[in-house]
Amino acid sequence: MDVDVRDAVEADAETLGAIVDLPTDALRNVVHDRTVRLAVEPPSDPGPNADVESDEGDAGGAPDESVLGFVAFDVREGTVHVTQLAGDADVAERLLAEPVRFAVTEGFDVSFVVPDSDTDAKTAARAAGFEAIGSGPLFDGEATTRYRFRPEG
């Protein structure tokens, strides 16, 4: 799947909140407190006359883009913790490459707790090289599974 991945900014909080059905303020805090990466559709070719078609340019921000998913992660005690993942299985797998890349560079493991009903995240975790290592905590009464990625070496 062809996607671009970029850092999230505060202005993305409303979109992220809509994706995971959480308040914008909660996602604004996530953007401030963690590393958050977005998967977006690559820009389409605007054509040869794009620079002369309109004088209405935007105010310096990114053009309208379609957010396909996101990953949030942080580091505690030498482990990268994936705290949120959203997107279909292909997008989620691509997004998991972000914390994995960081972990490999730093020599850390990656930990990820997935609700058992989230088949996209489970599929993505296995495809990205994560191993199910046991049961996780209940999230809103739902069973979860702990996944771990251990860099080779």
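Go through GLY17, GLY78 for me and flag whichever is out of contact with any strand residue (DSSP E or B) (no Cβ under 7 Å at 6 or more places or on another chain), at negative phi, open to solvent by less than 40 Å² (accessible area, probe 1.4 Å) and modelled with pLDDT under 95.
GLY17
Before we move on, is ASP140 in contact (Cβ under 8 Å) with a residue 40 or more places away in the chain and farther than 16 Å from PHE70 by Cα?
No, not satisfied.
Check whether at least one residue in segment 95-108 is of a type in the set (Asp, Glu) and modelled with pLDDT under 95, and report yes or no.
The answer is yes; a qualifying residue exists.
For ILE133, only one of the following conditions fails: (1) in contact with a Phe, Trp or Tyr (Cβ under 8 Å, 6 or more places away or on another chain); (2) surrounded by 14 or more Cβ atoms within 10 Å (Cβ to Cβ). What is its number?
Every condition holds for ILE133 apart from (2).
The values are calculated or read from the model by the stated rules, or taken from the named source; none is laboratory data. In this text, all values refer to a predicted model and were calculated from it rather than measured experimentally. When we count neighbours, we look across all protein chains shown, and the Cβ atoms used for this are built from the backbone with ideal geometry, even at glycine. Please note that ligands, DNA and RNA were not included when accessible areas were found on the heavy atoms of the full protein model with its side chains. Shrake-Rupley method; radii C 1.70, N 1.55, O 1.52, S 1.80 Å.
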